[in-house]
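We did not get these values from a lab; they are worked out from the coordinates using the rules stated. As the structure is a prediction and not an experimental result, all values here were calculated from the model. Cβ: placed from backbone, ideal geometry, glycine included. Neighbour counts: every protein chain shown.
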Amino acid sequence: MENIPYLGQKLARWHVGQSTFVAVPERGARLMHWSVALGDGSVRDVIYWPEMDALDDVTKVRGGNPILFPFNGRSFDQGEIHFWRGADGVRRPMPMHGLARQGLFRVAHANERGFTAVFMPGEEARVAYPFDYEFSVTYRFASLGLTCELKLVNLGRVPLPWSAGHHFYFTLPWSAGTTRDNYLIRLPATRRLRQDAAGGLIPGPVLQQEESLANPVLIDTLHTGLRGNETVFGVKGRPGDIVVRHGAEPVPPADATFVTWTLAADSPFYCVEPWMGPPNAAGHKTGLHWIPPGGQESFHVEVAVR
């Protein structure tokens with residue numbers, strides 16, 4: 001691991017085999033960029049990060065892998081966005097995608113293969129999620145992949161609700177001479193859902209197990225009822241597919257979800273996002289996890305290039 005200057009900030013960089021990883025662990029535990037050196041001497045960007053003039057607000061950058069905690073997506077209380085209601089009946093604020101991506105972390109451990117960063121809740125987090133807990137993010141880097149563990153420890157006396165996730169911005173297209181139409185994605189889902197304007201879950205589009213990433217109905221679709229933990233996408237007939245594994249078990253829990261999203265037809269990225277459950281889990285309870293006092297739970301994700 002080495003420290004490098006970038007736009008007045010200090011970043012961390014790892015060279016592991018063919019891969020180079022760049023992160024800013026103290027600001028949202030944010031993995032910013034991942035590239036792979038290919039056999040022909042070229043470099044492929046796997047995780048997208050845009051060219052920038054300043055790094056004043058990492059939260060707003062469309063790139064890297066924002067960590068979504070304690071809840072992913074849009075939260076609602078009684079149909080009103082950016083709120084949630086706890087088991088105690090109290091309504092509290094909850095920003096889009098939660099609190100971690102805009103929060104500060106302290107580096108608890110770092111070596112030549114990755115890091116562990118621990119969330120340091122500020123005033124916003126204490127108001128929105130007023131529990132006694134420790135939330136940590138651990139990255140482990142490999143030559144052609146990474147694993148990330150989100151770990152939540154309940155240090156308090158009441159059960160702790162959460163439904164976290166990742167927001168990977170993958171560079172796409174990545175092969176010269178290709179467009180989004182050339183890329184296929186295989187999702188092992190048996191149910192497709194969407195979120196309605198009040199935060200509820202409604203039926204989503206009818207899709208095949210293999211779809212073109214140019215299909216616009218994939219955007220904002222929730223893929224759940226997973227028959228396996230692997231989502232694979234890439235150019236058909238070419239090496240270099242990206243594999244995203246949801247959890248360590250061959251079949252994830254029933255409410256485990258993949259989300260597919262991009263901003264526009266010509267965006268240089270496509271997001272394939274493993275979430276513990278659908279958005280607004282605290283509202284409709286689908287995919288909501290509870291950790292008892294003194295307990296802990298981890299959410300593992302693996303990404304590989306093959």
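State the number of residues belonging to region 254-284 that are among the hydrophobic types (A, V, I, L, M, F, W, C), farther than 22 Å from residue 60 by Cβ and assigned to a strand (DSSP E or B).
1
Looking at 51, 80, which is the one that is under 30 Å from residue 285 (Cα atoms), of a type outside the set (A, V, I, L, M, F, W, C) and out of contact with any Phe, Trp or Tyr (no Cβ under 6 Å at 6 or more places or on another chain)?
Answer to the check: 80.
Could we say that residue 287 is touching a residue at least 60 places away in the same chain (Cβ under 8 Å), small (Gly, Ala, Ser), over 30 Å from residue 36 (Cα atoms) and loosely packed, with under 15 Cβ neighbours inside 10 Å here?
When the stated conditions are applied, residue 287 does not pass them.
Mind listing whichever residues of region 89-109 are part of a loop (DSSP other than H, G, I, E, B), of a type outside the set (Lys, Arg) and in contact (Cβ under 8 Å) with a residue 12 or more places away in the chain?
94, 95, 96, 97, 99, 100, 102, 103 - these are the residues of region 89-109 that are part of a loop (DSSP other than H, G, I, E, B), of a type outside the set (Lys, Arg) and in contact (Cβ under 8 Å) with a residue 12 or more places away in the chain.
For residue 206, which of the numbered conditions (1) over 30 Å from residue 116 (Cβ atoms); (2) part of a strand (DSSP E or B); (3) of a type outside the set (Gly, Ala, Ser) fails to hold?
(2)
Looking at region 194-232 only, could you name the residues that are of a type outside the set (S, T, N, Q), touching a Pro at 6+ places or on another chain (Cβ under 6 Å) and within 16 Å of residue 273 (Cβ to Cβ)?
222, 226
Looking only at residues in region 171-183 that are under 23 Å from the mean Cα position of the chain (by Cα) and surrounded by fewer than 18 Cβ atoms within 10 Å (Cβ to Cβ), which one is nearest to residue 304 (Cα to Cα)?
173
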